[in-house]
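Visitor: Got a structure here, written out as structure tokens. Questions coming.
The values are calculated or read from the model by the stated rules, or taken from the named source; none is laboratory data. This one's a predicted model, so the numbers in the text were calculated from it and none came from an experiment. Neighbour counts run over all protein chains shown; Cβ positions are idealised from the backbone, glycine included.
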């Protein structure tokens, strides 16, 4: 990248601050009530990690934008997130692979019937959620203080005691295994964060059905208490599409030859300061790239025009 490569970063951060910051804050969550996480704290006043995990991780395919209603409804009817997981786990094994027929026959529990009404169509993903719930209940019994906190504690903190502050325990491991090995280089921070989570939570012993690297990175990108939220790079198809446009239009000027995660992170790294990284600029850039091409974003044509405008500015030396 040449010295004027900073122009695309400045543009994306301006867009984030003016258009996407509020939406981003609504999706973020905390175990503590904070201004940035007010939306979720109001909806789940007890900061129910079980519910939040399920509605974020299983928001795939037909359940996109509906999973919060599905798992939120089941939580409200069951009493809490742990009970929500137990309701899912109680679905007979014979119904898991055919949830839609079971639901249509009204053969599931009353609470599950009502919850699945909120997200009709995501039957395969809901099946994954049921299988995950069964695995969690089988492993942890009654799930106190919560199934997901027990799961995270076992595989991220490598401990099973009753430590009160899960966030501190996770951040201690992040400090040792991610930040301590990375310095301030955003490329290494993002790669190490992804590797840390994948190795700990996606290994055969820990793995939950339906949870892949992109979905688990989505969860940690939004968990504002955990340091990983600053470094997780969710490189899904919308982000890839955006960076493909950048490489096509600005590639020769910015030394960005393709849209692969490694290439993009390496290209951005020289232009990010320590202070910006600590302030979460990696997540902001990632969020902006995604929203540019998602529902309510600009679309490829408008983005292409803006990138052409940036290319002309850089060529003229105006950036």
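Visitor: Report yes if residue 202 is within 15 Å of the chain's Cα centre (by Cα), buried (at least 22 other Cβ atoms within 10 Å of the Cβ) and farther than 18 Å from residue 263 by Cβ, otherwise no.
Guide: Criteria not met by residue 202.
Visitor: Of all residues in the range 87-126, how many are assigned to a loop (DSSP other than H, G, I, E, B) and surrounded by fewer than 18 Cβ atoms within 10 Å (Cβ to Cβ)?
Guide: 10
Conditions (1) assigned to a helix (DSSP H, G or I); (2) touching a residue at least 60 places away in the same chain (Cβ under 8 Å), marked per residue:
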residue: 85; (1), (2): yes, yes
residue: 130; (1), (2): yes, no
residue: 144; (1), (2): no, yes
residue: 150; (1), (2): yes, no
residue: 153; (1), (2): yes, no
residue: 170; (1), (2): yes, no
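Visitor: Kindly check whether there is at least one residue in the range 245-256 that is surrounded by fewer than 17 Cβ atoms within 10 Å (Cβ to Cβ) and either in contact with a strand residue (DSSP E or B) (Cβ under 9 Å, 6 or more places away or on another chain) or at pLDDT 90 or above (or both).
Guide: yes
Visitor: How about the range 205-225: which of its residues are touching a strand residue (DSSP E or B) at 6+ places or on another chain (Cβ under 8 Å) and surrounded by fewer than 22 Cβ atoms within 10 Å (Cβ to Cβ)?
Guide: Of everything in the range 205-225, just one residue is touching a strand residue (DSSP E or B) at 6+ places or on another chain (Cβ under 8 Å) and surrounded by fewer than 22 Cβ atoms within 10 Å (Cβ to Cβ), namely 224.
Visitor: For the range 111-123, name all the residues that are within 17 Å of residue 92 (Cβ to Cβ) and either in contact with a strand residue (DSSP E or B) (Cβ under 6 Å, 6 or more places away or on another chain) or touching a residue at least 24 places away in the same chain (Cβ under 8 Å) (or both).
Guide: Passing the criteria: 111, 112, 115, 116, 123.
Visitor: Now a separate question. Quick one: in the range 226-244, of everything that is surrounded by 20 or more Cβ atoms within 10 Å (Cβ to Cβ) and not in a helix (DSSP H, G or I), which residue is modelled with the highest pLDDT?
Guide: Here the residue is 226.
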